[in-house]
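Take a look at the structure set out below.
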Amino acid sequence: MTDQDYFSYSVDDKIYPGGDGVKLSMTDMLAYFEKHGAMRVSDLHIKIGTQPAYRVDGDLVRMRGAVMTDDLARKLIYPLIGPREVDRLNKDCSVDCSYRHGKLQYRINVFRENDGLSAAIRALGIEIPEPKDVGFPSNMWQEVVNRKQGLMLFTGITGAGKSTTIASLINYINKNRACRIITLEDPIEYVFDQKHSVISQREVGRDVNSFSDGLRAMMREDPDVIFVGEMRDPETVAMTLTAAETGHLVFSTLHTRDVTGTITRILDYFPSGRQEEVRSQLSLGLAYVISQKLVPRKDGQGRIVAMEILNNTYAVSNLIRHAKIEQLYSLLQTKTRDRVDENMITLERHLARLVKQGKVDLLEAKKWANDQKSFVDAMNVVSDIGVS
């Protein structure tokens, strides 16, 4: 069959032979997300040679049914992404796009690999949570949404909830401040309504060629708040830092596991001859680094966010400027009070709080800690109500 033949199928056609002889459509497979909630069922993986698998509470669970073939995969995936994205897939061997169905928005990555066609489908809620419901360990988010400038970096592995956290903060600004918000995303994940702010969302590949092209144009579009979906290359990093330094509130993401690793990753984008300049820019433009993980709840009802937060205070800025990155962790451990000049926390301390509050199991928390000794120390000092 040609690619055109597969477009005669629709997402509602019963194609996949599931368990008990019941055939399922792509719509049926997406309905599973809505039935159980995107916080519990986060992803669907389609790969030739095995059954489709959902990620449930962080673990992969295969469906009961037939092993995926190339023909089945094309019948399910091609109608979902459409002819334009299939053309891009044939040209680039992978494609990112989005899809809306029912009460959920989906981020889709389709790619070619050793066995043929594969897809990773991520569920995102259409309803954007309030910042107070995200799971911040303090009220630092209130300071963030009232800022006029600075770089807010959100880090963590894929599926750590970065997009949801950023969306909650931008939506709060959208509802409460009269400002100009422009986003650059690949693809667009959460769709914002026009509220008190004027907001434009641009998708890389559809509305703009690249993040750097979009940022360059954005400087002529009078933004107050900017969201750069990901800092992927030195040019995008440099332009994002400049935007933060020149009077904009900028949100962006990186794939790093902790806040000190985030600073190091940014510096590693540049040759040694430029690193002093970049450290100076970062020390001046950075506002917060928030590294987060989604940890299974003790009651088995989904996952809860655990955060590590670096606030760019004078002391932090000084350490970054003088390349003393290894000393940042000690400030995270000590400047933990809920006040503007502190508002920091290690991941280990936040995990300890969640354990003491009965929200996360002790053994589960230990698995997610970056440093076992620091976690043990945190368990010895954190109180049951988590205010230490």
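The values are calculated or read from the model by the stated rules, or taken from the named source; none is laboratory data. This structure is a prediction, so every number in the text was calculated from the model and none was measured. Cβ placement follows ideal geometry from the backbone for every residue including glycine, while neighbour counts extend to all protein chains displayed.
For region 358-366, check the following and say yes or no: at least one residue is surrounded by 20 or more Cβ atoms within 10 Å (Cβ to Cβ), at pLDDT below 95 and not small (Gly, Ala, Ser). Looking through region 358-366, none of the residues is surrounded by 20 or more Cβ atoms within 10 Å (Cβ to Cβ), at pLDDT below 95 and not small (Gly, Ala, Ser). Listed by position, the helices (runs of 4 or more DSSP H) enclosed by region 300-388 that each have at least 3 residues that are under 27 Å from residue 133 (Cβ atoms) are 347-356, 362-368, 372-381. The single condition among (1) outside any helix (DSSP H, G or I); (2) in contact with a helix residue (DSSP H, G or I) (Cβ under 8 Å, 6 or more places away or on another chain); (3) in contact (Cβ under 8 Å) with a residue 60 or more places away in the chain that residue 12 does not satisfy is (3).
Of the residues making up region 292-328, those that are within 29 Å of residue 358 (Cβ to Cβ) and either surrounded by 20 or more Cβ atoms within 10 Å (Cβ to Cβ) or of a type in the set (A, V, I, L, M) (or both) number 14. For the condition assigned to a loop (DSSP other than H, G, I, E, B), free of Cβ contacts under 8 Å to residues at least 24 places away in the same chain and either assigned by TED's automatic domain parsing to the domain that holds residue 161 or surrounded by fewer than 19 Cβ atoms within 10 Å (Cβ to Cβ) (or both), residue 232 qualifies. Whenever a residue of region 43-62 is on the phi > 0 side of the Ramachandran plot, its partners that are part of a loop (DSSP other than H, G, I, E, B) and surrounded by fewer than 18 Cβ atoms within 10 Å (Cβ to Cβ), lying with C-beta atoms within less than 6 angstrom and at least six residues away or across chains, give the pairs 49/115. For region 72-79, the count of residues that are of a type in the set (Val, Ile, Thr), free of Cβ contacts under 8 Å to residues at least 12 places away in the same chain and touching a strand residue (DSSP E or B) at 6+ places or on another chain (Cβ under 7 Å) is zero. For region 71-84, does any single residue satisfy the condition of being among the hydroxyl-bearing types (Ser, Thr, Tyr), buried (at least 20 other Cβ atoms within 10 Å of the Cβ) and in a helix (DSSP H, G or I)? Yes.
Hey, among the residues in region 31-52 that are part of a loop (DSSP other than H, G, I, E, B) and β-branched (Val, Ile, Thr), which one's surrounded by the fewest Cβ atoms within 10 Å (Cβ to Cβ)? Looking at residues that are part of a loop (DSSP other than H, G, I, E, B) and β-branched (Val, Ile, Thr), I get 50.
Residues that are among the hydroxyl-bearing types (Ser, Thr, Tyr) and in contact (Cβ under 8 Å) with a residue 60 or more places away in the chain were ranked within region 21-42; the one that is farthest from residue 303 (Cα to Cα) is 27. Just one residue in the set 256, 262, 242 is modelled with pLDDT under 95 and buried (at least 19 other Cβ atoms within 10 Å of the Cβ); that residue is 256.
Starting from residues that are of a type in the set (S, T, N, Q) and part of a loop (DSSP other than H, G, I, E, B), keep the ones in region 174-224 and report whichever is farthest from residue 122 (Cα to Cα). Applying the filter and picking the extreme gives 197.
When region 53-68 is filtered for residues that are assigned to a strand (DSSP E or B) and within 22 Å of residue 125 (Cα to Cα), the ones remaining, listed by number, are 53, 54, 55, 56, 59, 60, 61. Yes or no: region 257-271 includes at least one residue that is of a type in the set (Asp, Glu) and within 20 Å of residue 182 (Cβ to Cβ). Looking through region 257-271, none of the residues is of a type in the set (Asp, Glu) and within 20 Å of residue 182 (Cβ to Cβ). Filtered by the rule that a residue be surrounded by 23 or more Cβ atoms within 10 Å (Cβ to Cβ) and either touching a residue at least 40 places away in the same chain (Cβ under 8 Å) or over 13 Å from residue 291 (Cβ atoms) (or both), region 337-347 gives 343, 345, 347. Scan region 260-282 and give yes if some residue there is in contact with a Gly (Cβ under 8 Å, 6 or more places away or on another chain), of a type in the set (Val, Ile, Thr) and closer than 26 Å to residue 129 by Cα, otherwise no. Checking region 260-282: not a single residue is in contact with a Gly (Cβ under 8 Å, 6 or more places away or on another chain), of a type in the set (Val, Ile, Thr) and closer than 26 Å to residue 129 by Cα.
Exactly one residue among 116, 159 is in contact with a strand residue (DSSP E or B) (Cβ under 9 Å, 6 or more places away or on another chain), of a type outside the set (Phe, Trp, Tyr) and within 30 Å of residue 383 (Cα to Cα), and that residue is 159. Against the test of being at pLDDT below 95 and hydroxyl-bearing (Ser, Thr, Tyr), the options 172, 190 yield a single qualifying residue, 190.
When region 110-157 is limited to residues that are aromatic (Phe, Trp, Tyr) and either part of a strand (DSSP E or B) or modelled with pLDDT under 95 (or both), the one that is farthest from residue 49 (Cα to Cα) turns out to be 154.
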